[in-house]
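The values are calculated or read from the model by the stated rules, or taken from the named source; none is laboratory data. Quick caveat, the model's predicted, so the values are computed rather than measured. Positions of Cβ are generated from backbone atoms using ideal geometry, with glycine treated the same way; all protein chains shown enter the neighbour counts. We work out accessible area using only protein heavy atoms, side chains counted, and drop any ligands, DNA or RNA first. Shrake-Rupley method; radii C 1.70, N 1.55, O 1.52, S 1.80 Å.
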Amino acid sequence: MPTECGDLPFLIKRDGTWLYRGSPIHRKELVCLFASVLRREDDGSWWLQTPAERGRIQVEDAPFVAVEMDWTGDGPQQILSFRTNIDQVVTAGPDHPIRVSHDIITCEPTPYIRLRGGAGIKAVEARINRATYYELIALAVPRWIGSTRMLGVWSQGVFFPLGELPPGEA
C-alpha cells in the first residue's frame, strides 16, 4: 500500500488547466505524467497515486477536456473518436459512453465521455468542450427511447442520447 501524503496542493480547473500551488503547470509532458497516476475513488475523491505514495487533489469538474472529435460512417455504423487536452484518444462506445448532465438551475447541458473506470462506480471522464459538443449535435439524429423522442448520436453500434426532443420536433 502506498504511503498517504494527505492533501496535495494541486487543483485541476474546469477548463483542464492543472495548477500546483495556484500556478499553472505549462509543461504538457508534466501534466501527462501526473494524469497517468490520477485515480478516482468510489466516494468521488481524486488522488495522485504512485506505487510508493498517494495524495488527494481537487478537481473542479472533470480532470480532462475533450477538445476535438473525428467521425466516420453514419447511423449505427458511425464511429466517434475524441482527443483530450492531454492527447489521449478514445472512441465512444460500450467502454467509453457519452453522458450529458444538466445544470440544476439553468438546465444547461454538459456532455462527458468516460476515459477509464475509477475505484468503484465513479469514472474518470473528460468534459466535451462547447465547440466539440456543437459538432456532436450536428451529427445527432432523433430516436424513440421508450415513449420519449430523444436526440442523440451513434458510435460503435451504441446510441447515446444527448437530450429530449420537444413535442412536435422532427
So in the range 89-122, with the set limited to residues that are crowded, with 16+ Cβ neighbours inside 10 Å and free of Cβ contacts under 8 Å to residues at least 60 places away in the same chain, which one is nearest to Gly152 (Cα to Cα)?
Pro111
Within the range 82-170, strands (runs of 3 or more DSSP E) holding 1 or more residues that are in contact with a Pro (Cβ under 9 Å, 6 or more places away or on another chain)
98-102, 109-117, 123-128, 141-145, 148-155, 158-164
Only one of Leu33, Leu38, Leu19 is aliphatic (A, V, I, L, M), open to solvent by 70 Å² or more (accessible area, probe 1.4 Å) and within 20 Å of the chain's Cα centre (by Cα). Can you tell me which?
Leu33
Determine if the range 143-150 includes at least one residue that is open to solvent by less than 40 Å² (accessible area, probe 1.4 Å), in contact (Cβ under 8 Å) with a residue 12 or more places away in the chain and of a type outside the set (Val, Ile, Thr).
yes
Here is a list of conditions, (1) closer than 21 Å to Ile128 by Cα; (2) open to solvent by 20 Å² or more (accessible area, probe 1.4 Å), and Pro63 meets all of them except one; can you say which number that is?
(2)
